[in-house]
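K.L.:
I have a structure I would like to understand better, so I am pasting it below and will then ask my questions one at a time.
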């Protein structure tokens with residue numbers, strides 16, 4: 001039997017939980033998640049781990065802080081820094097560790113940059129790898145290959161973060177790297193050769209383990225500071241909004257056709273926020289009573305989390321990590337069901353948005369940093385054990 005390890009979040013308010021990771025040879029994993037299978041409070045005060053040889057859950061005590069950053073492992077952080085979540089993770093790590101950053105959006109954003117990037121592998125990336133102890137990478141794509149190779153050559157530990165598309169199974173939309181064999185194989189190789197794989201939801205962690213069963217996966221959900229959002233419920237409108245950006249297949253993937261069809265049938269005002277600046281999106285979330293995320297799949301959903309922080313009642317599909325986020329503070333509909341979506345919105349406008357805000361408040365920056373520190377401790381300890389052996 002292949003080793004399948006998922007490091008999960010603890011259920012708040014309960015003493016223990018039972019892991020729901022199946023044997024690779026058991027029933028196929030679904031990309032849908034039942035709304036009744038996820039506990040209401042799924043974000044931990046401290047992380048849990050699955051013992052590698054059993055299915056037991058063990059509590060992990062947070063590592064004691066060192067006196068200074070100088071005594072902590074040095075981290076080389078690399079990713080496409082144009083992505084807000086990549087920027088945030090670098091900032092969170094920098095609070096606890098000495099961090100050196102490499103922005104791949106400046107070095108390897110297009111294939112035309114490949115020759116120059118190969119040169120930089122020796123002039124910039126190799127010295128950076130040698131200067132640091134742990135390589136933390138965002139996204140499993142071609143530019144990550146040199147970091148994994150160099151880390152293996154020089155005994156450095158690696159942590160790699162999944163964006164969502166890399167190991168998602170082939171589908172009717174052609175979404176994800178697995179629809180292209182070579183790119184898909186590269187993503188699997190990167191996952192297999194990293195010391196730890198980071199995902200943002202248990203649902204996506206199960207998808208990753210189905211694709212590459214022998215790897216270690218740690219769930220670190222996204223986070224939000226709810227104090228930055230101050231909804232005035234008396235001024236909220238009977239308005240449902242959804243949001244998406246302009247990239248290939250985004251309309252279908254984000255369920256925009258379903259939202260537009262529901263808009264024609266609903267008595268509730270509905271608005272699509274297309275490629276709006278972040279400030280405008282937040283302003284719309286603060287006005288609206290309902291936020292719809294009708295996606296085909298979402299690893300987590302940061303816009304959804306921000307909308308909840310703004311007091312929007314979520315209407316989501318039963319796909320990916322969204323039910324884990326929402327718990328029972330919103331309404332879950334079948335993907336692609338227009339009539340069910342119309343009914344859900346008509347109910348959601350009368351629900352309490354403060355419940356959604358309180359749910360969002362459980363996804364704190366402090367908890368995310370605690371998880372990141374635990375991942376660093378785990379890969380560091382694993383390296384020390386290997387050297388002793």
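K.L.:
Spot the failing condition for residue 333; the list is (1) over 20 Å from residue 226 (Cβ atoms); (2) under 23 Å from the mean Cα position of the chain (by Cα); (3) in the same structural domain as residue 207 (by TED's automatic domain parsing), and only one is missed.
P.N.:
The failed condition is (3).
K.L.:
If you don't mind, there's one more thing I want to ask. Right, residue 319: farther than 29 Å from residue 173 by Cα, touching a residue at least 12 places away in the same chain (Cβ under 8 Å) and not assigned by TED's automatic domain parsing to the domain that holds residue 133 or not?
P.N.:
no
K.L.:
Cβ-Cβ below 6 Å, separation at least six or inter-chain, first residue in region 131-142 and in the same structural domain as residue 157 (by TED's automatic domain parsing), second assigned to a loop (DSSP other than H, G, I, E, B): which pairs?
P.N.:
132/74; 133/73; 133/74; 134/73; 135/156; 139/163; 140/166
Results for (1) modelled with pLDDT of 95 or more; (2) touching a strand residue (DSSP E or B) at 6+ places or on another chain (Cβ under 9 Å), shown as yes or no for each residue.
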position: 173; (1), (2): no, no
position: 179; (1), (2): no, no
position: 185; (1), (2): yes, no
position: 202; (1), (2): yes, yes
position: 218; (1), (2): yes, yes
position: 240; (1), (2): yes, yes
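K.L.:
Hey, another quick one. Of the residues 86, 108, only one is outside the structural domain of residue 303 (by TED's automatic domain parsing), modelled with pLDDT under 90 and in contact with a strand residue (DSSP E or B) (Cβ under 7 Å, 6 or more places away or on another chain); which?
P.N.:
The conditions single out 86.
K.L.:
Can you pull out every residue in region 89-105 that is outside any strand (DSSP E or B) and at pLDDT 90 or above?
P.N.:
If the condition is that a residue be outside any strand (DSSP E or B) and at pLDDT 90 or above, then 89, 90, 91, 92, 93, 94, 95, 96, 97, 98 are the ones that fit.
K.L.:
Name the residues in region 106-144 that are assigned to a helix (DSSP H, G or I) and closer than 18 Å to residue 74 by Cβ, would you?
P.N.:
Those that are assigned to a helix (DSSP H, G or I) and closer than 18 Å to residue 74 by Cβ: 124, 125, 126, 127, 128, 129, 130, 131.
K.L.:
Within region 144-156, can you find the residues that are closer than 21 Å to residue 177 by Cα and either surrounded by fewer than 20 Cβ atoms within 10 Å (Cβ to Cβ) or within 20 Å of the chain's Cα centre (by Cα) (or both)?
P.N.:
144, 145, 146, 149
K.L.:
While we're looking at this one, here's another question. Please note which strands (runs of 3 or more DSSP E) are completely contained in region 175-255 and include at least 2 residues that are surrounded by fewer than 21 Cβ atoms within 10 Å (Cβ to Cβ) and outside the structural domain of residue 84 (by TED's automatic domain parsing).
P.N.:
It comes to 237-244.
The values are calculated or read from the model by the stated rules, or taken from the named source; none is laboratory data. Please read all numbers here as calculations on a predicted model, not as lab measurements. Here Cβ is always computed from backbone atoms with ideal geometry, including for glycine, and neighbour counts include all displayed protein chains.
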